[in-house]
């Protein structure tokens, strides 16, 4: 007979619970700027690398394109992200931050730093750095 499932043995449960906890910290800080934590990650990606196609953006964020489209729509509606047809293929669009998007991103970075500091004060800077490395290894390893 199989041993009953214990939540303290489930990697998925532990990761999702921790993700919800950490997301709440970042959402509280990002909300002051008017963006969600998920939107901030998109803005940050486009700030570092403008003119990404939908496929490249989705791949770099480990998101399916449908989810990314839903996340991009409010950013486009609010004028933070622009899209233009690729010079090579008119059916392919490239995404970049608008002027308003760059300004919002600069404000959001301040909120992000506050969220980062709050998390690291609770978890520890060294542990947080090690945790990030382990988590990035899951998706890039």
Restricting segment 111-139 to residues that are within 14 Å of the chain's Cα centre (by Cα) and without any contact (Cβ under 8 Å) to a residue 40 or more places away in the chain, which is surrounded by the most Cβ atoms within 10 Å (Cβ to Cβ)? 116
Pull up segment 49-67, narrow it to residues that are assigned to a loop (DSSP other than H, G, I, E, B) and in contact (Cβ under 8 Å) with a residue 12 or more places away in the chain, then point me to the one that is surrounded by the fewest Cβ atoms within 10 Å (Cβ to Cβ). 62
If the Cβ limit is 6 Å and pairs must be 6+ apart or interchain, which residue in segment 1-12 that is assigned to a helix (DSSP H, G or I) pairs with which residue that is at pLDDT 75 or above? 7/13
Residue tally, condition assigned to a helix (DSSP H, G or I), surrounded by 15 or more Cβ atoms within 10 Å (Cβ to Cβ) and out of contact with any helix residue (DSSP H, G or I) (no Cβ under 7 Å at 6 or more places or on another chain), over segment 73-87: 1
Test set (1) over 15 Å from the mean Cα position of the chain (by Cα); (2) over 24 Å from residue 116 (Cα atoms) - residue 67 fails condition number: (1)
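The values are calculated or read from the model by the stated rules, or taken from the named source; none is laboratory data. All of these numbers come straight from a predicted model, not from anything done at the bench. No Cβ is skipped: glycine too gets one built from the backbone with ideal geometry, and neighbour counts run over all protein chains shown.
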